[in-house]
Amino acid sequence: MQKLYLPQLAVIDQIVDETADTKTFTMHFDNPHYNAEFRYLSGQFVEASVLGVGEAPFGFCSNPNRTGTFAVTVRAIGRVTRAMHAMHPGDLLGIRAPLGNHFPLQEVQGYDILFVAGGIGLPPLRSLIEPMLDMREKFGRFTILYGARTPADRVYKTRLEEWAQRKDLTLLQTVDVPDETWNGPVGVVTTLFERTHIDPAATVAFTCGPPVMIRFVIQDLLAMGFPEDHIISTLERYMKCGVGKCGHCAIGHKYICVDGPVFSWRQIKKLPER
């Protein structure tokens, strides 16, 4: 735990423009020994600091099976994120990680898997999708539903094309506002449910996105007959310290930074501000 209070310097290796306001940062720790020993799990997050500016939390978007580097996807919406967007490969970030709990992986082997993502909610789910695809034979039907405001607002466009070409998964995408390049579905992500074949009793669903989207996704999954512990979501709260000390992210008796950010609906429904 002591290490989690002190940022470790990380060198930015690559910055990829995902959308007009979103970039993915791939990095490694400057300390070779620390970098070689560093491990994290799908669903966990980092606290990234820009010296002289501040610190903010970001979920891992990279595959935990690929050691040596890690990545986060960042939308420029505040002081820290705008400062990160002004950085270049070779610049240094302070990183405290890994923080929080994680998605179940071994526990859901043998089930059909459903991912429902909205906009910038795809990055933390990608950290689970990719290790699951590394062991694809361990799961049944594999479905990814992804919605974004516009075609240009979709992140990981190259990876989406790769997933779309795979024969062992189903990827369906929709946008709220189409343009001349879009010939796919139009509407919110929950409209894609009617295009899928889902057995709720045999499926575990993972969802992440804007809170209003998550609310309607869970509502529809429950209406389909999903068991409460087969619905797994992340909760959004500004996790200031990341280690359960400041209380900034408390919801009732739970701290999102240490008890989450991953919760089942069975856990979420007990929270006072669900």
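Quick note: the coordinates plus some simple rules give every number you see, no bench work behind them. Just so we're clear, the structure is a prediction, and the values are computed from it rather than from any experiment. Glycine gets a Cβ as well: all are built from the backbone with ideal geometry, and neighbour counts include every protein chain shown.
Fewest neighbouring Cβ atoms within 10 Å first, the residues VAL116, VAL108 line up as VAL108, VAL116. Across the chain, Cα pairs under 8 Å and at least six residues apart give a relative contact order of 18 percent. With Rh defined as the Kirkwood radius, the inverse of the mean 1/r over Cα pairs, the Rg/Rh of the range 81-154 is 1.06. Note on the range 216-274 and the range 94-146: Cα centroid distance 17 Å, given to the nearest whole angstrom. Residues ASP220, ASP199, arranged from fewest to most other Cβ atoms within 10 angstrom of their Cβ, appear as ASP199, ASP220. Here is the P(r) of the chain: all C-alpha pair distances, binned every 10 Å from 0, give 7, 30, 36, 23, 5, 0 in whole percents. If you take all other residues with their beta carbon under 14 Å from the beta carbon of ARG79, and give Lys and Arg +1 and Asp and Glu -1, the sum is +2.
The local environment of ALA148, defined by Cβ-Cβ distances under 15 Å, has a net charge of 0 under the rule Lys, Arg +1 and Asp, Glu -1.
Cβ-to-Cβ counts within 10 Å put TYR238, TYR146 in ascending order as TYR238, TYR146, the fewest first. Hydrodynamic estimate: the Kirkwood radius of the range 2-99 over Cα pairs, inserted into Stokes-Einstein at 37 °C and 0.692 mPa s, corresponds to D of 247 µm²/s. Within the range 151-274, antiparallel bridges make up roughly 55 percent of the DSSP beta bridges whose residues both belong there. For the chain, the cysteines with no partner cysteine C-beta closer than 4.7 Å are CYS61, CYS208, CYS249, CYS257.
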